[in-house]
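**Student:** Structure incoming, see below.
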Amino acid sequence: MMSAVLQYIAFLVILVVLAVPLGKYSADVMDGNRVFLSPILSPVEKLIYKLTGVRKDEEMTWKTYLICVLYFFFIGMAFLFVFQMLQDKLPFNPQNIDPMSWHLSFNTAASFATNTNWQAYSGEGQLSYFSQFMGLTTQNFVSAATGIAVLYALVRAFVRVKKTTIGNFWVDMTRATLYILLPLSIIVTIVLFSQGVVQNFAPGQTAHLVEPVAADSEGNWIEGAKIDLNTHTVTVHGKKVDDAAIITDQFVPMGPGASQIAIKQLGTNGGGFMGVNSAHPLEDPNVLTNLIECIALLLIPAALCFSFGLSIKNKKQGKAIFAAMFIMLVVFLGIIAYNEQAATPQLAHDNAVNIAMTDDQAGGNMEGKEARFGIAQSATWAAFTTAASNGSVNSMHDSYTPLGGLVTMLQMQLGEVIFGGVGCGLYGMLGFALLTVFIAGLMVGRTPEFLCKKIEPYEMKWAVLVCLATPIGILVASGIAAVWPDVAQSLNNAGAHGFSEMLYAYSSAGGNNGSAFAGFNANTPFLNVSIGLTMIFVRLLPIIGILAIAGSMVQKKKIAVTAGTLSTTNSMFVFLLIFVVLLVGALNFFPALSLGPIAEYFSMIM
Amino acid sequence: MANKKTALSDKKMFMRAVKDSFMKLNPAIQAENPVMLLVYISAVLTTLLWIVSVGGASAIGGPSAGYTAAIAIILWLTCVFANFAEAIAEGRGKAQADALRAAKKDVKAFKLNSPDTKEKGTTVLSCDLKKGDIVYVKIGQQIPADGEVIEGAASVDESAITGESAPVIRESGGDRSAVTGGTTLTSDWLVVRVTADSGNSFLDKMISMVEGANRKKTPNELALQIFLVSLSIIFVLVVLSLYTYSDFSAKQAEIANPSSIVTLVALLVCLAPTTIGALLSAIGIAGMSRLNQANVLAMSGRAIEAAGDIDTLLLDKTGTITLGNRQASQFLPVQGVEPQQLAQAAQLSSLADETPEGRSIVVLAKEQFNLRGFQMEEKHMKFVPFTAKTRMSGADFDGHEIRKGAADVMKLYIQSKGSPYPEECDDFVKRIAEKGGTPLVVAEDGKALGVVYLKDIIKDGIAEKFADLRKMGIKTVMITGDNPMTAAAIAAEAGVDDFLAEATPEGKLEMIRKLQSQGHLVAMTGDGTNDAPALAQADVAVAMNTGTQAAKEAGNMVDLDSSPTKLIDVVRIGKQLLMTRGSLTTFSIANDLAKYFAIIPSLFITLYPGLAALNIMNLQSPQSAVLSAVIYNALIIVALIPLALKGVAYREVPAGELLRRNLLIYGLGGIIVPFICIKVIDVILTGLGLV
């Protein structure tokens, strides 16, 4: 028991301890100050501006900034789409992998450009190395950098008084990538590589199994099979299985893994190098790599809270937002951990499974979890990855208990604001902060203001859209999917759990998360297109909204702070912010969840 | 505006509101309130469903016709209740408007050909008067239009507008030259230049303001509406998707879709923020109405909201912080002069002085030395009144000359008479000024006798009031014509945060600009024409009704009582308006939780029997659960009308404390109340055998 609790605490403490200095560093980078890496990186930065013709001091209005974001987004997505469609004609394809179908390619391009990294494909089987590192890894960097850039456009809007411009998108992108994402990725890559994560351009290898296994004609493993290699016969309980296949070799995937895995974790991307993501031993081999990858999930989003406070010259505000996110994370982690450890009455029934936690076993609900991680490290990862809109997994969320699974789903449905994606989680949360001060501000008898700037109908309109983009995306797309013919055939389970699989898929897309309930077969034209469109919608609408708010806020004057001003840095505000986030989430998704995990929970305990 | 309330007029108002609430079912009117439009459409839809179900309910197999009819009726009632809230809020304004209209009948006016001759002219109807026309008004006549007195002085009964029956003086020149159409002369005559065309007069503006006829949504109301509409839209999506989810799940379980359209429509109406949606416009109108009751007219709803944001009040010292008049409190004779001699001289010079200061000197002399005015009346006295030119007043008798006045003037006067000005006098003057008082130097026959100490009397309880305001984050700045030393002393005693001494109109304007550039929102009152620029600059500017036309036009509110303390009330009303809006929004949204717990289990209990566990209110049946929720949703609107009209309780406490309090009452209350009420309604419905 104690060791599990210590593990949880260790994860959280390490996260905070690293986030604080990184926050300071990132604030300096984005504010354009000199940092300790400047002597090395500054010449590179200047060279980039020279080559691309970017004028460093050129300021943009919000509209120009937005046009740049969109232009960059769609061009990047188009390149990725083309790479995947032509991967058989492009280099670095030792496995001779075929091009993707148009809809899978669209889905994947949308997925990586939006920082979602939903994977309707399996990396080792359907993507060439070229597509992986030229397409996906590039997007892993720039989609995360876009989040930071948009966040800082908003930061400047709060800092500047009666101005019209909010910074330069190209400069923000360059600095975020060069000074923050790249150095961190290099460090993480080296550590992961040292621990055995693959990093090469070799074709996949074949390894001889220590013991052969048998599979039936549908590819399912046959339990308790006796295999006679000499006669090539498979028998179960003395009965011969006719169409069984005997497997003696294993395919071991290779490729430039570590570098992509580093940024997939750091950039809240989550798109695994392997199909099963970090549950794969070559993607996340041991406890150390697991710790690093897990911390990397939330590191930058958590750090950006502190950067925000520093850059708006109101450290307390950064801490307040961090506190709101952190409290929700801890509570949600607690719920997952408790439920997974408690397992289900069905598992415990008649001692079918020993769910007790002992020194030798993690106990609890171990279905879909890796033995090398146990409950604690799996539950932490599940909580972190759905809090951050990362979506990488080291266990299968499909196999979680109903309430454990509910929390992972809910964190995405809340709009990915519990730290959320790099940059976008924080600006999403600031959208919620605007809603919160709007209601709370009225209750103290003032027209609402945030960070000394008045919130008027224009800001309100966009703030509401920023906050409701995720619910709108999820409800509309999954609502259509629920009546679309044949969607039910993609399910792995019937009943409430089947519904959860579908709901999870759209929640994942609607939160730009990218994780999946494993049972769901998402590679159909309808699902690829609808999920792809959902991801684009929920990514771009908040970006447009936040930049529009920034464009309006930057022109406003600052209102003086008095005792009559609603404090947005005290515990009351933190509590209210949490309340508003949860309330909006609950109001939007209570009906849906009650048909999925809640129904499942009650049938479990009945 | 007389606030005569009788049971009869209340009943009339109520009946008018009931009638109006049905009249407002006109779709064109409903369209102005999108949240209620959603309820309206839902009511129409359920009515249609009921008609269909009466025709062939058994064929469709949907819910019973009776249930559908019940939902339809409740939804219609919800719309009517919302209309009623608005109508009753408008009622008071309409009654006021009726009274004002009575004052605004067309009268005959004598239009002069030229301002110089009061004989030559033509008689025209007041509605035909144009801006710039000159009219002559006699005793007993009604002033035909808004205007400015260019000749004459008269007392005017303005009770039609202010409700104050005592007549006021209107005269040409100065700050009392503005007259309002619809008021009546009770003495003398006036020549008035018309300043407003008919239909655009102050009275017209007043009528349209109190009636809320051309009430525009304020920015904050718009922002809130955007929020409410977005919530409504998302709930439409929630309910639509719920239908397909339910269909999806039912197919998997191979049963019929358990969610009927009627129940989903009921769920939608329950979820949509109908409580605040229904009361929003009533809250706005009621806020305006409360302001009118305080005898303040806002030129726009926006001004009231701005009042809530005010964090700096510029307050005139006289009348707001101190009683309008100073009182003599001490006689300070110079060396060699008996106190009694000084008192007597001061009293003599003040006998004919009808100003409060003059009277207080007479009283003080009487109290301290038992000197009685009439003892001296037989002397042949000639009184010298105070003029702006001499800045002295006094009396001449039997060859003696008594004068009193401000120190600087008296010094020159005494020196001009060839007498030395005693240093002692300077000391007294300085000491009195340091204490915030006003010194009056008294001289007889050109020789200084001493100084009278006139003291500013700070109003009772004003310091506490300012302390309360400070707690709320509102800073007070005292504006005074006094010198900085006097001003500082009074400011300290009254507990204001800052002061502007020797204030000039330019000084005020400068100060407002400076405060605004620091991000403060400033309110002020003013009456004179020279206040106009400052009034125009201030965020909330209350012009006195007794003030000039220019001042009234520059301000965004007019105080009919012309009371300088009104500013504090205005801020209170503004804050209360915003607080009511926020609190009821919170309440409305918090209600949704209970409604979910009522409706969701009842919807899906056939699909997943385990969801019965969510029926924590233990409601009798799925139908009674839905009905109870919808009935609650309708009744809560009616229940909250008084609160919407009265406004939530207002306290002068810091923002954090206000928030905690309102969250507890309206947030937590909003979660708990519906659970109890829905359960009670369910018990009643079941008890009556209605479900």
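**Student:** What's the ranking of B:622-633, A:144-155, A:182-193 by average number of surrounding C-beta atoms within 10 Å, highest first?
**Tutor:** Final packing ranking: A:144-155, B:622-633, A:182-193.
**Student:** Follow-up question, since we're still on this one. As an exercise, take the mean of 1/r over every pair of distinct alpha carbons in chain A, invert it, and state the Kirkwood radius in angstroms.
**Tutor:** One over the average 1/r among Cα pairs gives 24.8 Å for chain A.
**Student:** Further question on the same structure: Over chain A, what relative contact order in percent results from Cα pairs under 8 Å that are six or more residues apart?
**Tutor:** 20
**Student:** Quick one: the Cα spread of the range A:148-205 along its three principal axes, in angstroms, biggest first?
**Tutor:** 61, 20, 13
**Student:** Which of the DSSP-defined H helices in chain A satisfy a minimum axial length of 27 Å, computed from C-alpha atoms, and a minimum mean Kyte-Doolittle hydropathy of 0.0?
**Tutor:** A:2-30, A:62-85, A:137-159, A:287-311, A:315-342, A:424-443, A:457-483, A:525-553, A:571-595
**Student:** If amide H atoms are built 1.01 Å from N in the plane of the peptide, which residues on other chains or at least 5 residues away come under 5 Å of the amide H of residue A:241?
**Tutor:** Residues meeting the criterion, in which the H sits 1.01 Å from N, are A:234, A:235, A:236.
**Student:** What residues qualify as long-range amide H neighbours of residue B:500, i.e. H under 5 Å apart, gap of 5 or more or another chain, H built at 1.01 Å from N?
**Tutor:** Counting only residues 5 or more places away or on other chains, the set is B:478, B:479, B:480.
**Student:** Moving on to the next point. Taking the 0 to 90 degree range and rounding to the nearest ten, how far is the long axis of helix B:407-416 tilted relative to the main principal axis of chain B, both from C-alpha atoms?
**Tutor:** 10
**Student:** If you don't mind, there's one more thing I want to ask. May I ask for the percentage of alpha-carbon pairs in the range B:550-691 that lie more than 18 Å from each other?
**Tutor:** Summing the P(r) tail past 18 Å for the range B:550-691 gives 65 percent.
**Student:** Per-residue HN-Hα couplings for the range A:561-567, Karplus 6.51 cos²θ - 1.76 cosθ + 1.60 at θ = phi - 60°, whole Hz, x for Gly and Pro?
**Tutor:** 8, 9, 5, x, 7, 5, 6
**Student:** Follow-up question, since we're still on this one. At q = 0.06, 0.07 Å⁻¹, what log₁₀ I(q)/I(0) does a Debye calculation on the Cα points of the protein assembly as shown give, no solvent, two decimals?
**Tutor:** Values returned for q = 0.06, 0.07 Å⁻¹ are -0.67, -0.84.
**Student:** Lys and Arg at +1, Asp and Glu at -1: add these up for the other residues within a Cβ distance under 12 Å of residue B:417 and post the number.
**Tutor:** 0
**Student:** Still on this structure, I have one more. For the range A:104-249, what is the convex hull (Cα atoms) projected area averaged across all directions, in square nanometres?
**Tutor:** Its average projected convex-hull area is 14.0 nm².
**Student:** Any chance you could check the Cα centroid distance between the range A:58-126 and the range B:481-512 for me, in angstrom?
**Tutor:** 68
**Student:** Ok, one more. Quick check on the range A:1-157: what does the Kirkwood estimate of hydrodynamic radius come out to from the alpha carbon pairs, in Å?
**Tutor:** When all Cα pairs of the range A:1-157 are included, the Kirkwood radius is 18.7 Å.
**Student:** Roughly what percent of Cα-Cα pairs across the range B:323-457 reach past 20 Å?
**Tutor:** Considering the range B:323-457, 38 percent of its Cα-Cα pairs are separated by more than 20 Å.
**Student:** Relative to the longest principal axis of the C-alpha atoms of chain B, give the angle of the C-alpha long axis of helix B:505-517, reported between 0 and 90° and rounded to the nearest 10°.
**Tutor:** 30
**Student:** In chain A, which longest range has no GluC sites (Glu not before Pro) that are both DSSP loop (not H, G, I, E or B) and surrounded by at most 14 other Cβ atoms within 10 Å?
**Tutor:** The answer is A:224-606.
**Student:** Roughly what % antiparallel, to the nearest 5, for the DSSP beta bridges in chain B?
**Tutor:** The antiparallel proportion sits near 75 percent.
**Student:** What does the highest-first list of A:95-101, B:674-680 look like by mean Cβ count within 10 Å?
**Tutor:** Descending packing order for the listed peptides: B:674-680, A:95-101.
**Student:** Could you give the Stokes-Einstein D for the range A:458-532 in µm² per second, using the C-alpha Kirkwood radius, 20 °C, 1.002 mPa s?
**Tutor:** 166
**Student:** Between residue B:354 and residue B:485, 0.36 nm times their residue separation minus their Cα-Cα distance comes to what?
**Tutor:** 44.4 nm
**Student:** Here's a follow-up. If the viscosity is 0.890 mPa s and the temperature 25 °C, what Stokes-Einstein diffusion coefficient in µm²/s follows for chain B when Rh is the Kirkwood radius over Cα pairs?
**Tutor:** In µm²/s, the coefficient is 82.
**Student:** Still on this structure: On average, how many beta carbons from a partner chain sit within 10 Å of the beta carbon of a residue in A:591-602?
**Tutor:** For this peptide, the per-residue mean of nearby foreign Cβ atoms is 6.
**Student:** Cross-link candidates for residue B:251: which lysines have Cα within less than 29 Å, leaving aside residues fewer than 8 places away along the same chain?
**Tutor:** B:595
**Student:** Note down the net charge around residue A:355, summing +1 for each Lys or Arg and -1 for each Asp or Glu among other residues with Cβ under 13 Å from its Cβ.
**Tutor:** Summing Lys and Arg as +1 and Asp and Glu as -1 gives -2.
**Student:** What does the helix-only formula give at 222 nm for chain A: each DSSP H stretch with n ≥ 4 adding -39500 (n - 2.57), the total divided by the residues, and the result rounded to the nearest 500 deg cm²/dmol?
**Tutor:** -19000 deg cm²/dmol
**Student:** Report, in whole Å, the centroid distance computed from the Cα atoms of the range B:591-643 and the range B:320-366.
**Tutor:** Computed from Cα coordinates, the inter-centre distance equals 76 Å.
**Student:** With each run of n ≥ 4 DSSP H residues scored as -39500 (n - 2.57), what mean residue ellipticity at 222 nm is computed for chain B after dividing by its residue count and rounding to the nearest 500 deg cm²/dmol?
**Tutor:** Value at 222 nm, helices only, nearest 500: -17500 deg cm²/dmol.
**Student:** Calculate how steeply helix B:484-494 sits against the longest principal axis of the alpha-carbon atoms of chain B, using the helix alpha-carbon long axis, and give the answer as 0 to 90 degrees to the nearest 10.
**Tutor:** 50
**Student:** Another question, if that's okay. Suppose each label sits 7 Å from its Cα in the direction of the beta carbon; what would the residue A:229-residue A:2 distance come out to in nanometres?
**Tutor:** Distance between label points: 4.7 nm.
**Student:** I'd like the mean, over residues of A:555-561, of how many other protein chain beta carbons sit within 10 Å of each residue's own Cβ.
**Tutor:** Partner Cβ neighbours, averaged per residue: 4.
**Student:** Can you list residues whose amide H is under 5 Å from residue B:450's amide H, if they're 5+ apart or on another chain and H is modeled 1.01 Å from N?
**Tutor:** B:334, B:442
**Student:** What is the distance, in nm, between label points placed 7 Å from the Cα along the Cα-to-Cβ direction at residue A:494 and at residue B:51?
**Tutor:** A separation of 4.3 nm, rounded to one decimal place.
**Student:** Name the lysines eligible as straight-distance cross-link partners of residue A:313: C-alpha to C-alpha under 17 Å, and not fewer than 8 places from it in the same chain.
**Tutor:** A:24, A:453, A:557, A:558
**Student:** Here is a further query. Please report the relative contact order for the range B:108-200, taking Cα pairs under 8 Å with a sequence separation of at least 6, and give it as a percent rounded to a whole number.
**Tutor:** Across the range B:108-200, relative contact order equals 36 percent.
**Student:** I would also like to ask the following. Listed highest first by mean packing, meaning other Cβ atoms within 10 Å per residue, what order do A:471-480, A:26-35 come in?
**Tutor:** A:471-480, A:26-35
**Student:** Another question, if that's okay. Cα centroid distance between the range B:521-579 and the range A:147-196, in Å?
**Tutor:** When both Cα centres are located, 50 Å separates them.
**Student:** Taking a spot 7 Å from the Cα of residue A:209 along the direction of its beta carbon, which residues of the range A:242-265 have an amide N less than 11 Å from it?
**Tutor:** A:245-251
**Student:** Count the net charge of all other residues whose Cβ sits under 14 Å from the Cβ of residue B:323, scoring Lys and Arg as +1 and Asp and Glu as -1.
**Tutor:** Neighbour charge sum, excluding residue B:323 itself: 0.
**Student:** Here is a further query. Please compute, for peptide A:562-572, the average count of beta-carbon atoms on other protein chains lying within 10 Å of each residue's beta-carbon.
**Tutor:** 6
**Student:** Starting from the 7 Å offset along Cα-to-Cβ, what nm value, one decimal, do you get for the label separation of residue A:138 and residue B:335?
**Tutor:** 10.1
Readers should treat all values here as calculations from the given coordinates under stated rules, not as data from a laboratory. Since the model is a prediction, treat every value here as computed from it, not as a measurement. Don't worry about glycine lacking a Cβ; one is built from the backbone with ideal geometry, like all the others, and counts go over all protein chains shown.
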